[in-house]
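Here, each number is a calculation from the coordinates, and none is a lab measurement. This is a predicted model, so every value here is computed, not measured. All Cβ positions, glycine included, derive from the backbone under ideal geometry; neighbour counts span all protein chains shown.
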């Protein structure tokens with residue numbers, strides 16, 4: 001911890017008044033601590049993963065007008081979901097996370113695989129249900145619902161709502 005002390009010259013002096021150590025005496029300054037459960041992906045994907053790891057079941061995502069909300073937590077993530085020719089697409093990684101599935105990409109075959117449990121679905125990058133926009137892959141929300149019946153979506157105007165679990 002640091003404290004700022006004003007100086008008569010108008011400057012400030014930053015003084016370290018406490019340091020943090022682990023129970024074994026290791027300093028964490030400029031190092032940090034490794035998480036108990038490391039999660040990859042965007043902030044939204046990490047939030048969903050953490051929620052599910054803590055025993056949470058139902059996840060509700062709302063995206064529209066530049067805002068993304070996951071279970072009531074608003075966060076910035078541009079391009080989380082977009083409407084293209086009246087069809088809603090959601091970021092492929094985010095949609096897979098919503099469904100509780102894992103997304104993998106095979107660059108050689110140019111395919112995406114979405115796996116949940118023993119069930120795996122594969123789409124080629126040029127499939128009509130895949131949209132590549134600004135280097136990001138998005139999936140038609142109707143496919144997620146077809147593959148995973150517990151994924152339910154609705155839309156109104158410029159907003160889409162997806163729930164799963």
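Taking each residue as 0.36 nm, the span from residue 52 to residue 27 lengthens on full extension beyond its C-alpha to C-alpha distance by 5.9 nm.
Projecting label points 7 angstrom from Cα along Cα→Cβ for residue 16 and residue 111 puts them 5.4 nm apart.
Taking every DSSP helix (H) stretch of at least 4 residues in the chain, weighting each as -39,500 (n - 2.57) and dividing the sum by the residue count yields a mean residue ellipticity at 222 nm of -4000 deg cm²/dmol.
Put a dot 7 Å past the Cα of residue 67, heading toward its Cβ, do the same for residue 163, and the two dots end up 1.9 nm apart.
Packing-based ranking of 10-18, 43-51, 57-65 yields 43-51, 57-65, 10-18, ordered from highest to lowest mean Cβ neighbour count within 10 Å. Taking other C-beta atoms within 10 angstrom as a stand-in for reagent exposure, 26, 52 fall in the order 26, 52, fewest first. Here the calculated FRET efficiency for residue 40 and residue 7, from their Cβ-Cβ distance with R0 = 45 Å, stands at 0.50, rounded to the nearest 0.05. Calculated on the alpha-carbon coordinates, the convex hull of the chain measures out at 209 cubic angstrom per residue. Volume per residue of the convex hull around the Cα atoms, evaluated for the stretch 1-74, comes out as 180 Å³.
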